[in-house]
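Have a look at the structure below, then the notes.
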Amino acid sequence: MIIAIDGPAGSGKSTAAKRLAERLGFTYLDSGAMYRAFTWKACSADVDFGDEEGLFKLLNETNIRIDCTADGSEVFVDGVNVTKEIRQPSITKNIHHVSSLEFVRKKMVELQRDFVRGKDIVVEGRDMCTVVFPDADKKIYMDADIKERAKRRHSELKTFNDKSDINNVVGDLSQRDRRDSTRKFAPLRRVPDAFYLDTTNLDAEEVVNILIKEIEKDQ
């Protein structure tokens with residue numbers, strides 16, 4: 001069974017997807033981790049993000065692997081564990097350079113489909129319902145007010161000692177929303193058959209409980 005969740009940054013989909021997978025006994029996949037992994041590789045290799053030919057060559061030389069563990073999942077690039085490194089703010093700020101490229105998205109779709117084969121899984125990202133798993137058993141679109149999303153993101157940044165002002169975070173999220181929803185390849189959008197959930201005034205446990213009830217309705 002495939003449960004696919006899409007939504008903008010800060011909507012709570014990562015936390016909800018992890019907890020939902022735990023409750024159901026499913027595997028969890030954060031599709032964005034794959035884009036983060038390649039962004040980390042490009043930064044480490046000092047490849048110019050404007051050099052598409054160089055990025056294409058680098059991508060074909062890069063091995064990205066996600067291992068499921070009892071504590072969640074670990075991300076490896078060419079055998080190196082980069083689970084923590086890919087969450088750095090510098091990666092978040094540069095990920096759009098690679099996620100907007102068609103050849104990168106096609107490669108990631110292949111990796112994501114290979115990863116879920118033979119598994120009951122909860123997957124989350126930006127194009128899970130629209131492109132990667134259009135025939136998912138359950139499609140969900142999570143959203144929240146941008147001010148609430150910014151508060152959540154601001155809280156995350158503090159763990160990296162990032163001193164970004166909350167107003168700057170709002171601006172960054174607005175810019176990211178525009179990029180995600182207007183990019184040429186696989187833009188973020190809500191499909192008509194996706195269950196819509198506004199998480200603005202909900203905590204993580206409430207979100208998961210709602211999703212469980214919604215999934216059980218279809219059983």
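The values are calculated or read from the model by the stated rules, or taken from the named source; none is laboratory data. Just so you know, these numbers come straight off a predicted model, no measurement behind them. All Cβ positions, glycine included, derive from the backbone under ideal geometry; neighbour counts span all protein chains shown. In case anyone asks, the SASA skips ligands and DNA or RNA and just uses the protein heavy atoms, side chains included. Shrake-Rupley method; radii C 1.70, N 1.55, O 1.52, S 1.80 Å.
Here's the list of lysines a cross-link from LYS163 could span, going by alpha-carbon distance under 16 Å and ignoring same-chain residues fewer than 8 apart: LYS93, LYS151. Placing one equal scatterer on every Cα of region 1-89 and applying the Debye formula, the log10 ratio I(q)/I(0) at q = 0.10, 0.16, 0.17, 0.22 Å⁻¹ is -0.31, -0.73, -0.80, -1.12.
Counting each DSSP H run of 4 or more residues in the chain as -39500 (n - 2.57), what helix-only mean residue ellipticity at 222 nm follows after dividing by all residues, to the nearest 500 deg cm²/dmol? Counting only the DSSP helices, I get -15000 deg cm²/dmol.
Using alpha-carbon positions, what is the distance between the centroids of region 95-117 and region 148-175, in Å? Value for the Cα centre distance between the two parts: 26 Å. In the chain, a dipole from Cβ-located charges (positive for Lys and Arg, negative for Asp and Glu) runs towards its positive end, and of HIS97, VAL208, GLY25 it is HIS97 whose Cα lies farthest in that direction.
Let me know the Kirkwood hydrodynamic radius for region 120-193, please, with Cα pairs as the basis and the value in Å to one decimal. Walk me through the intermediate numbers first.
On the way: mean 1/r = 0.0713 Å⁻¹.
In region 120-193 this quantity evaluates to 14.0 Å.
For the listed peptides 145-154, 83-92, a ranking on the average number of other beta carbons within 10 Å per residue, highest first, reads 145-154, 83-92. Solvent exposure of the chain, expressed per residue, is 51 Å² of accessible area, with all protein chains present and a 1.4 angstrom probe.
Legend: translational diffusion of region 18-147 by Stokes-Einstein, Rh = Kirkwood radius over C-alpha pairs, 20 °C, 1.002 mPa s; D = 138 µm²/s. What you get for region 31-183, charging only the Cβ of Lys and Arg (+1) and of Asp and Glu (-1), is a dipole of about 400 debye around the Cα centre.
The reciprocal of the average 1/r between distinct C-alpha atoms defines the Kirkwood hydrodynamic radius, which for region 78-134 equals 13.1 Å. The share of accessible area on the chain that comes from carbon and sulfur is 46 percent, using a 1.4 angstrom probe. Gain on full extension, evaluated as 0.36 nm per residue between PHE160 and SER174 minus their Cα-Cα distance, stands at 2.9 nm.
Please compare each pair in LYS13/LYS217; LYS13/LYS84; LYS84/LYS119; LYS158/LYS184 to a cut-off of 22 Å on the Cα-Cα distance and tell me which ones are over it. Long pairs (Cα-Cα over 22 Å): LYS84/LYS119; LYS158/LYS184. Given PHE38, VAL109, CYS129, which one lies farthest toward the positive end of the charge dipole of region 1-140, if we put +1 on the Cβ of every Lys and Arg and -1 on the Cβ of every Asp and Glu? Value: CYS129.
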